[in-house]
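What follows is a single structure, written as structure tokens, with notes after it.
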Amino acid sequence: MTLLRRLIRATAQVMKVRAWAVDQDPAQSALPEDQDCGALARETLANTVSLTNNYVATTHNKTSMFASVFVGLLDTKTGALDYVNAGHEETYISGENGIRQTLTTTGPVLGIFAGASHDIASSTLEPGETLVLYTDGVPEATNASGEQFSEERLRSLLESSQGSARDLMKMIVCSVTDFTGDAPQHDDITMLASKRQAV
Amino acid sequence: MSGNLEIGISREDGDKAVAIMRLTGPLDANTQGTLEEKAREAIDGGAEYLLLDMSAVEYLGSAGMRAIHAITTMLSPDEPGMRSSRLRVVSPSPAAAKIFKTLGFDTFIDIHNNVDEAIASL
């Protein structure tokens, strides 16, 4: 997992440096002049995912190491989001009327299928909306009776969510904790929420 | 998820040496070693192809998927990272089928509705 995370960051950093170089000297850009920076963002995602996947799949294949990954580039000024969902749980964009969009997988997990292709999808985080990611340890959190928290319970929380991203995280954590009680968990319970300020 | 994984193994040795492994119970971090061990025994015993009947797998976790990938490597050590032509998954339970689809394993591992169909595909 650490290896995958470092590879993603390192590869993305290379593209960031390239973007900086292009910014300094537009003549170095391989992109047509009439294309915006979205093209560079998508190229960054494609290279990041492909290089990371192929390196691990060909170098560490015998370990059967893989990870589901959601990697995206969010333009914080416009809310434009380009992303790859590599075998990860459904990601949600929710607002005052509940879940507006579900970002499903665009390709398989990273690390074991060399040459796998991943589509790059696009969306927009509108003012007041929240991007919500989580690991499978959230819906699969189990109570003493063996019952799972479930995606349905998680989605129902998002249907009624208001307030800040931090408020949303607190509400979900409290709900999961109340559900599981003292029952031991077999997986990590990890979430991330990012809210775009309403104008 | 707790519980034991029971594995029943039978052989279909026609034109090809096939081991059919019927899994019952959870396939997770606690049971992945059991599956890998049984698969290794079957391969060392002469099986060239493995069929995993997963109709009674009540829970499939990422550790279980690692076991399945490890089996593809056992069967096809010269095809690292690629689709194994020697493994078939049969009739996965709804819970297992969902994991196969989400993680994208369904793109790389052949999944069949029943054993006869899987054997015919070999």
Pair A:LEU157, A:GLN101: separation of 7 Å Cα→Cβ label points (nm): 2.3
Shielding of A:113-125 by partner chains, average beta-carbon count, 10 Å: 2
Can you classify the range B:6-120 as rounded, prolate or oblate using the Cα gyration tensor, where a ≥ b ≥ c are the square roots of its eigenvalues, rounded means a/c under 1.5, and otherwise it's prolate if a/b beats b/c and oblate if not? rounded
Taking chain B and dividing mean pair separation by its residue count, relative contact order in percent (alpha carbons under 8 Å, at least six apart): 23
Label-point gap, in nm, between A:SER117 and A:GLU147 - each point 7 angstrom along Cα→Cβ: 4.4
Extension gain (nm, one decimal) between A:ASP75 and A:GLN185, 0.36 nm per residue minus Cα-Cα: 36.0 nm
Given the rule -39500 (n - 2.57) for each run of at least 4 DSSP H residues, summed and divided by the residues of the protein assembly as shown, what is its mean residue ellipticity at 222 nm, to the nearest 500 deg cm²/dmol? -11500 deg cm²/dmol
Once you have a ≥ b ≥ c as the square roots of the Cα gyration tensor eigenvalues for chain A, tell me rounded if a/c is under 1.5, and otherwise prolate or oblate according to whether a/b is larger than b/c. oblate
Taking the Cα centre as origin and putting +1 on Lys and Arg beta-carbons and -1 on Asp and Glu beta-carbons, what dipole magnitude results for chain B, to the nearest 20 debye? 320
So how strong a dipole does the protein assembly as shown carry about its Cα centre when Lys and Arg Cβ are +1 and Asp and Glu Cβ are -1, to the nearest 20 debye? 680
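Throughout, read-outs are computed from the coordinates displayed, never taken from laboratory work. Owing to the predicted nature of the structure, the values given are computational and were not obtained by experimental measurement. Heads up, the Cβs are rebuilt from the backbone with ideal geometry, glycines too, and the neighbour counts pull from every protein chain shown.
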